[in-house]
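Below: one structure, written as structure tokens.
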Amino acid sequence: MEPDLINSKTWAVTSTVEKWDKAGDRALGLPPDDTVSVEDNLLVNEGIQLLLDLLIGAGGTAFNNANSYIGVGDSSTAASAAQTGLQASSNKDYQGMETSFPSRSGQTVTWKAVWGSSEGNFAWNEWSIANGSSDNTATNLNRKVASLGTQSSGSEWTLTVTITVS
């Protein structure tokens, strides 16, 4: 049987890193010095299972403001649905949400986190949304492998992830 492409649903993801070379410029309302956007990602099995549990009221930790984190790491290991977190061995960092994130508008959910001048100072080759601040204690929703640049001390970066289901 042919798949019904007319009625198929999609999961569209965009991640955008805004980079300020000087920490504090973001708070002053200055535009970022650089912006990088990438599309797509991979839902991981543990994230799919938690989404389904939350959907049917079977329990689990929601991806709300108190529990949501975006993690970045320096691993370029290919994404696999069986992975349960960032693949970097040591250069990884999870940051909690900015006020009012995650948020939903229509069928789009947006997460946003900030890395200050002393956080995440390594090559950003992977990212994930998790419901905790550690690969050991959190459930990761997804994982994306893409070179987003290398953050250095003294700079400030934000990572915004939007997921649209349609």
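The values are calculated or read from the model by the stated rules, or taken from the named source; none is laboratory data. Here the structure is a predicted model, which means the values were calculated and not measured. When we count neighbours, we look across all protein chains shown, and the Cβ atoms used for this are built from the backbone with ideal geometry, even at glycine. The area values use the complete protein model at the heavy-atom level, side chains included, leaving out ligands, DNA and RNA. Shrake-Rupley method; radii C 1.70, N 1.55, O 1.52, S 1.80 Å.
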Inter-part gap, Cα centre of region 113-166 to Cα centre of region 4-77, in whole angstrom, is 8
Using a simple spin-label model with points 7 Å from Cα along the Cα→Cβ vector, what separation in nm is obtained for E119 and V165? 2.8
Can you give the accessible area per residue of the chain, in Å², using a 1.4 Å probe? 51
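Sum -39500 (n - 2.57) across every DSSP H segment of at least 4 residues in the chain, then divide by the residue count to get the 222 nm mean residue ellipticity, nearest 500.
Mean residue ellipticity at 222 nm (helix-derived): -2000 deg cm²/dmol.
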To the nearest 20 debye, the chain has a Cα-centred charge dipole, built from +1 on Lys and Arg Cβ and -1 on Asp and Glu Cβ, of 240
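Quote the FRET efficiency, to the nearest 0.05, computed for L55 versus S134 with a Förster distance R0 of 22 Å and r equal to the Cβ-Cβ distance.
That gives a FRET efficiency of 0.35.
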Relative to the chain, whose Cα atoms define the longest principal axis, helix 45-55 and its Cα axis are tilted in degrees, nearest 10, by 70
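Contour minus end-to-end for A27 and S105, with contour as 0.36 nm per residue of separation and end-to-end as the Cα-Cα distance?
Full extension of this stretch gives 25.6 nm more.
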